[in-house]
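Have a look at the structure below, then the notes.
Throughout, read-outs are computed from the coordinates displayed, never taken from laboratory work. Keep in mind it's a predicted model, so treat the numbers as computed, not measured. Backbone-built Cβ (ideal geometry, glycine too); neighbour counts: all protein chains shown.
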Amino acid sequence: MLLLLLCGVWLAWFLAGKLYRNYWNRNLSLLLSFHDAVLYEGDTSAIRETVINDKLLPLPAVEVRFAADRSLEFLNDALANSGASDQRYKRDVFSFLFHQKIERTLPFIPRRRGVYPITSASVTGYDFFFRSGYYMDVPQQTTLSVWPRQLDTRRITLVFQAISGILLSKSRLYPDPFEFSGIREYQRSDPRNHINWKATARMGSLMTNQFDSTTDLALTVLLDLEDELILKYGELNEESIRIASSLSARFVKNRMAFTVRSNVTDPAAGGPFFMDLAADAGSAAGLNQKLACIDTTQTSLATAELIAAEAAAGRTDHTYVLISKNKEGGLADAVRSLTGTGNHVLWVLPLLSSDLSSVPQTAPGVTVLPWEVS
């Protein structure tokens, strides 16, 4: 009797092994997907795991493994069975009956801007005897773009007001570019937040506030991301990118066309970063996507070369917004060369709290605005 029992156990063990070896991954699928295609730094999103066992054979244990960039920080229950080294690794275990679909949501916060793909995952299956697992790779294709965090509106407003003051003081030909100038009938292309509801109620049709156009104003943002000598200031560079992104959003909101230039390498073009932005919301999105892709350790030009190239262009009646943490090595003199004929430079200078006392002396046509980075 005992012998028959042992034979029966062995036969079950043998048949289960053969069955699972041949059929465990048939109609078994895994899909990883980001809930959002685009986020800002610090927003909360999630990765969705969808695993389907679409067959009659149950799977007592299925282990899913994948790796994501370590900048994506898992939250709450998603922290279980995760670890970080060069990447952030995640492991989850599922148990299936037949024809069953299981979805899990893994919340996370992206701590840094960037473009983060997940291109592969692995699945390991176990039979009822939990013998050595059966393994397969499952290619994935999901990507998350993390845009620079938008900065405190109050801080950006101070910079924006400084730029507005420069534009107004340069020429009496331009009225206040941010001042209300009248009411007209609403058009589909107008921003909805410009609708004047009191006038709409009075006129019986949608009316919108009209603002003076600023598209004729010449404005260039120079984003300097070079690390001088051997010193590396990663957080100051990241804050510089956030300033450029947040200011650009304000320019676009106020229908201002402008140009962004940087000495960092544009990975798509293989040369210095450059982008002309029209006065529409799509321009800001395009800039943020390009800023998400750049590597601040890859610069095509030195700071002095970036400024010299602009000075050599000989522009007149131009406004420059220079965002640069660098202030040594005669950079102040190089900045003065931008003033040219009727030009003005607003130098936004990101500084650590301990370095606020070392602000360069201003010169005619140059306004230095320190920006404390804690």
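What do the square roots of 5 times the Cα gyration tensor eigenvalues come to for the range 28-147, in whole Å, largest first, as semi-axes of the equivalent ellipsoid?
28, 14, 12
Amide H neighbours of Gln140 under 5 Å, at least 5 residues apart or on other chains, H built in the peptide plane: list them.
For Gln140, the qualifying residues are Ser120, Ala121.
Taking the Cα centre of the chain as the origin and placing charges on Cβ (Lys, Arg +1; Asp, Glu -1), which of Ala68, Gln140, Ser262 is farthest toward the positive end of the dipole?
Gln140
HN-Hα J couplings of the range 94-99 from phi, Karplus 6.51/-1.76/1.60, θ = phi - 60°, integer Hz, Gly and Pro as x?
10, 10, 10, 8, 8, 6
To the nearest 20 debye, what is the magnitude of the charge dipole of the chain about its Cα centre, counting +1 on the Cβ of each Lys and Arg and -1 on the Cβ of each Asp and Glu?
The dipole magnitude comes to about 1140 debye.
What does DSSP give for the chain in terms of the percent of beta bridges that are antiparallel, rounded to the nearest 5?
Expressed as a percentage, antiparallel bridges in the chain total about 70.
In the chain, which helices (entire DSSP H runs) extend 24 Å or more along their own long axis, judged by Cα positions, while averaging at least -0.5 on the Kyte-Doolittle scale?
2-23, 153-170, 234-253
Between [x] -0.58, -0.66, -0.81; [y] -0.31, -0.40, -0.64; [z] -0.48, -0.58, -0.78, which entry matches log10 I(q)/I(0) by the Debye sum over Cα atoms at q = 0.07, 0.08, 0.10 Å⁻¹ as derived from the coordinates of this structure?
[z]
Counting only residues 5 or more places away or on other chains, whose amide H sits under 5 Å from the amide H of Asn254 once H atoms are built in the peptide plane?
The list, which skips near neighbours in sequence, is empty: none.
What is the set of long-range amide H partners of Arg88 at a cut-off below 5 Å, with H atoms built 1.01 Å from backbone N?
Ala68, Asp69, Arg70
Nearest 20 debye, what's the magnitude of the dipole of the range 28-147 about its Cα centre given +1 on Lys and Arg Cβ and -1 on Asp and Glu Cβ?
120 debye
With respect to the cross-link table entries Lys290/Lys325; Lys18/Lys90; Lys90/Lys325; Lys101/Lys290; Lys18/Lys55, which display a Cα-Cα separation exceeding 26 Å?
Table pairs above 26 Å Cα-Cα are Lys18/Lys90; Lys90/Lys325; Lys101/Lys290.
Provide Val138, Val348 in ascending order of the number of other Cβ atoms located within 10 Å of each residue's Cβ, fewest first.
Lowest count first: Val138, Val348.
Give the relative contact order (percent, whole number) for the range 28-147; include only Cα pairs under 8 Å separated by 6+ residues.
The normalised contact order for the range 28-147 reaches 35 percent.
Multiply the residue separation of Gln361 and Glu63 by 0.36 nm, subtract the distance between their alpha-carbon atoms, and state the gained length in nm to one decimal.
101.1 nm
Summing +1 for each Lys or Arg and -1 for each Asp or Glu, what net charge is found among the other residues whose Cβ lies under 11 Å from the Cβ of Glu305?
Neighbourhood net charge equals -3.
Determine the relative contact order of the chain: mean sequence separation of Cα pairs under 8 Å and six or more apart, normalised by residue count, in whole percent.
Value for the chain: 12 percent.
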